[in-house]
Structures are given as C-alpha cells and as structure tokens.
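Working notes, structure below.
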C-alpha cells in the first residue's frame, strides 16, 4: 500500500479498506488461527476487494493504453 501511495495518491482512498482486510489475511498466513466471520462481514470484505481490484485494473489499463 505504501509503495502504491508513493506513486499515485488515488491509493490513499483505499487505506481504510485495506486495513479492514488484514484479519482475513492473518488466517491464511497462520494456519490454525480461528477467525469466525458472518455472511455480512464476508460480503463487506468481498466488496472491499472488488473496489481495490477495480482501482488497480483502471491504473493498469492506463499504463497499457498510455
């Protein structure tokens, strides 16, 4: 995130979304870590990932086209 922000200020808007996804990452990094999420939390996380992916795709598209 810091590297992206250093090159493009648009990534600053995603800082909170990325921070909220950290607990989901911990589970994959540390097997055996039990983190229970409900459907609403999961849907919110998916929405955040889609927002992040959309920004990255838009930036990649500009690089390829420009």
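Read-outs throughout are calculated quantities, based only on the coordinates presented, and are distinct from any laboratory measurement. Note that this is a predicted model, so its numbers are computed, not measured. Neighbour counts run over all protein chains shown; Cβ positions are idealised from the backbone, glycine included.
Odds and ends about this structure:
- Pairwise label distance in nanometres, residue 58 with residue 38, each label 7 Å out on the Cα-Cβ vector: 3.2
- Sites residue 45 and residue 3 - FRET efficiency at Förster radius 22 Å, r taken between beta-carbons, to 0.05: 0.45
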